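Only the coordinates and a few stated rules stand behind these numbers; no lab work does. The model shown is predicted, which means the values in this text are computed figures rather than measured ones. Heads up, the Cβs are rebuilt from the backbone with ideal geometry, glycines too, and the neighbour counts pull from every protein chain shown.
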Amino acid sequence: MDDVHPGLQLGDIRLEAGRCHVMGILNVTPDSFSDGGRFAVRDAALRHAEAMIDEGVDIIDVGGESTRPGAEPVSADEELARVMPVIEELCANHEIPVSVDTSKAEVMRAAVDAGAVMINDVRALREPGALDVAAASGVAVCLMHMLGEPRTMQNDPRYDDVVGEVLNFLQQRVEVCRAAGIDRTRIVIDPGFGFGKTLVQNLRLLASLDRFVATGLPVLAGISRKRMLGEILHGADVNHRLYASVSAAVISAQAGVAIVRVHDVAATLDALKVVEALREQEAVGDAQA
C-alpha cells in the first residue's frame with residue numbers, strides 16, 4: 001500500500017508502520033453502552049486492564065464519560081475522580097501505552113502529567129482549552145468526527161456526502177492542530193463510526209476507509225460492538241456482536257487502518273494475525289517478482 005502511515009510515537013514505544021494495532025477499551029463509567037458499570041470500580045478496572053495486557057493489547061484507552069447516544073455529560077471533577085486512579089496505577093506499574101478518552105482540558109492535562117501518551121478526543125479538540133493543552137503536551141492526539149452531541153447525534157443525522165464531509169472536517173481539524181504547533185507525526189484521525197451516522201452512512205465510511213488512509217495519517221477505527229453491527233445482525237444485543245466486531249476489525253486492517261479500538265482484545269488479535277500473515281506473504285511475493 002502506497003499510503004501506509006509512517007508510524008506513531010507513543011511515549012517510549014513506536015507503533016510499527018504498516019501494522020494494525022489493537023487499542024483496548026477501558027470504560028470506568030457506570031453507563032457506557034457495552035460494559036457500563038463493570039469496570040467503574042478501580043480494582044475491577046485494573047484487573048481488566050491487566051487481562052488485556054496479558055492478551056497482548058498494544059494500547060489501553062481509559063475513559064470516564066460515556067459518549068453513547070443519549071448520554072448525559074459529567075463534570076470535570078467527576079471524570080477526574082473516575083479515570084485518574086486507574087491511569088496513575090497503569091502508568092506507574094506497566095509499560096503499556098495509555099490513552100485518555102476525554103474532551104476536557106483539565107482531564108487531558110492531569111492524564112498526561114500522570115503518564116498518558118495519547119489524547120483520544122471525540123470532539124477533536126474543540127472544547128475550551130483542549131487544543132492548547134494538547135499542543136503543549138507533546139503526546140499523540142486522535143481527532144474524531146462527531147455530528148452534534150452524544151445526547152442528540154443519532155436523532156436524524158444527514159449528509160450530502162458522508163465520506164467527503166467527514167474527511168473534510170478531519171482535514172480541517174488537522175490544519176488547526178498544525179497551526180497550534182502539533183506536529184503531523186503526532187496526529188491520528190478517526191471517522192467516528194456511530195457518532196451521528198445512520199447504518200448506511202457508517203457502511204459507506206467503512207467501505208471508504210482507504211480514502212482516510214490515503215491522507216498519510218494513522219487512522220483509528222472504533223466499531224467494536226456498536227449499534228451498526230446490531231442492526232446488521234437484525235437486532236442482536238451488545239453481548240452478541242463479537243464475530244461482527246472482529247469482522248469489522250479485519251476489514252479495517254485490510255484497508256490500512258493503524259489502530260482498531262475494541263472490547264475483545266484476544267479475538268481481535270488472533271484475526272489480525274491472519275491479516276498480517278497475508279500481508280507478509282504478499283510482500284515476499286512482490287520481492288521475488
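Are any residues in region 140-167 more than 19 Å from the chain's Cα centre (by Cα) and either farther than 27 Å from residue 75 by Cβ or crowded, with 19+ Cβ neighbours inside 10 Å (or both), and if so, which ones?
Result: 156, 157, 158, 159, 160, 161, 162, 164, 165.
I need the full set of residues from region 258-278 which are under 22 Å from residue 195 (Cβ atoms) and touching a His at 6+ places or on another chain (Cβ under 9 Å), in order please. Full working, then the answer.
Kept after step one, since they are under 22 Å from residue 195 (Cβ atoms), are these residues of region 258-278: 258-264, 268.
258, 259, 260, listed by residue number.
Surrounded by 19 or more Cβ atoms within 10 Å (Cβ to Cβ) and assigned to a helix (DSSP H, G or I) - does that describe any residue in region 56-74?
Scanning region 56-74 turns up no residue that is surrounded by 19 or more Cβ atoms within 10 Å (Cβ to Cβ) and assigned to a helix (DSSP H, G or I).
Got a sec? Which of 208, 245 is in contact with a His (Cβ under 8 Å, 6 or more places away or on another chain) and over 22 Å from residue 119 (Cβ atoms)?
That would be 245, the only listed residue that is in contact with a His (Cβ under 8 Å, 6 or more places away or on another chain) and over 22 Å from residue 119 (Cβ atoms).
Looking at 178, 109, 151, which is the one that is free of Cβ contacts under 8 Å to residues at least 12 places away in the same chain and either touching a helix residue (DSSP H, G or I) at 6+ places or on another chain (Cβ under 9 Å) or of a type outside the set (Phe, Trp, Tyr) (or both)?
Step by step, each of 178, 109, 151 is checked, and only 178 is free of Cβ contacts under 8 Å to residues at least 12 places away in the same chain and either touching a helix residue (DSSP H, G or I) at 6+ places or on another chain (Cβ under 9 Å) or of a type outside the set (Phe, Trp, Tyr) (or both).
In this structure, does residue 258 turn out to be within 30 Å of residue 164 (Cβ to Cβ), among the hydrophobic types (A, V, I, L, M, F, W, C) and touching a Leu at 6+ places or on another chain (Cβ under 8 Å)?
On the way: within 30 Å of residue 164 (Cβ to Cβ): yes; among the hydrophobic types (A, V, I, L, M, F, W, C): yes; touching a Leu at 6+ places or on another chain (Cβ under 8 Å): yes.
Yes; evaluated as a whole, the condition is true for this residue.
Can you tell me how many residues in region 181-192 are surrounded by fewer than 22 Cβ atoms within 10 Å (Cβ to Cβ) and more than 12 Å from residue 137 (Cα to Cα)?
3
Among residues belonging to region 94-123 that are out of contact with any Cys (no Cβ under 6 Å at 6 or more places or on another chain) and of a type in the set (Gly, Ala, Ser), point out the one that is farthest from residue 145 (Cα to Cα). Can you show your working first?
Of all residues in region 94-123, those out of contact with any Cys (no Cβ under 6 Å at 6 or more places or on another chain) come to 94-97, 99-113, 116-119, 121-123.
From what is left, the residues that are of a type in the set (Gly, Ala, Ser) are 99, 103, 105, 110-111, 116.
On the way: 99: 18, 103: 13, 105: 18, 110: 24, 111: 22, 116: 22 Å.
Here the residue is 110.
Looking only at region 88-105, count how many residues are part of a loop (DSSP other than H, G, I, E, B) and under 15 Å from residue 124 (Cα atoms).
Qualifying residue count for the region: 3.
Output the number of the condition that residue 257 fails; it satisfies all remaining conditions of (1) in a helix (DSSP H, G or I); (2) over 18 Å from residue 232 (Cβ atoms).
With (1) in a helix (DSSP H, G or I); (2) over 18 Å from residue 232 (Cβ atoms) applied to residue 257, the lone miss is (1).
Would you confirm, using the coordinates I've provided, whether residue 137 is surrounded by 23 or more Cβ atoms within 10 Å (Cβ to Cβ) and among the hydroxyl-bearing types (Ser, Thr, Tyr)?
On the way: surrounded by 23 or more Cβ atoms within 10 Å (Cβ to Cβ): no; among the hydroxyl-bearing types (Ser, Thr, Tyr): yes.
When the stated conditions are applied, residue 137 does not pass them.
Which members of region 181-203 meet the condition of being without any contact (Cβ under 8 Å) to a residue 24 or more places away in the chain and part of a helix (DSSP H, G or I)?
Passing the criteria: only 200.
Out of all the residues in region 105-125, is one or more of a type in the set (Lys, Arg) and surrounded by 24 or more Cβ atoms within 10 Å (Cβ to Cβ)?
Checked against the condition, which is being of a type in the set (Lys, Arg) and surrounded by 24 or more Cβ atoms within 10 Å (Cβ to Cβ), region 105-125 yields no hits at all.
Would you be able to tell me the number of residues in region 267-289 that are of a type in the set (A, V, I, L, M, F, W, C) and either in contact with a strand residue (DSSP E or B) (Cβ under 8 Å, 6 or more places away or on another chain) or part of a loop (DSSP other than H, G, I, E, B) (or both)?
Going through region 267-289 one residue at a time, the tally reaches 3.
Assess whether residue 80 counts as being farther than 27 Å from residue 271 by Cα, in a helix (DSSP H, G or I) and in contact with an Asp or Glu (Cβ under 8 Å, 6 or more places away or on another chain).
Yes: the conditions hold for residue 80.
Over 22 Å from residue 53 (Cβ atoms) and either over 17 Å from the mean Cα position of the chain (by Cα) or without any contact (Cβ under 8 Å) to a residue 24 or more places away in the chain (or both): which single residue out of 245, 208 fits that description?
Checking each option against the conditions leaves just 208.
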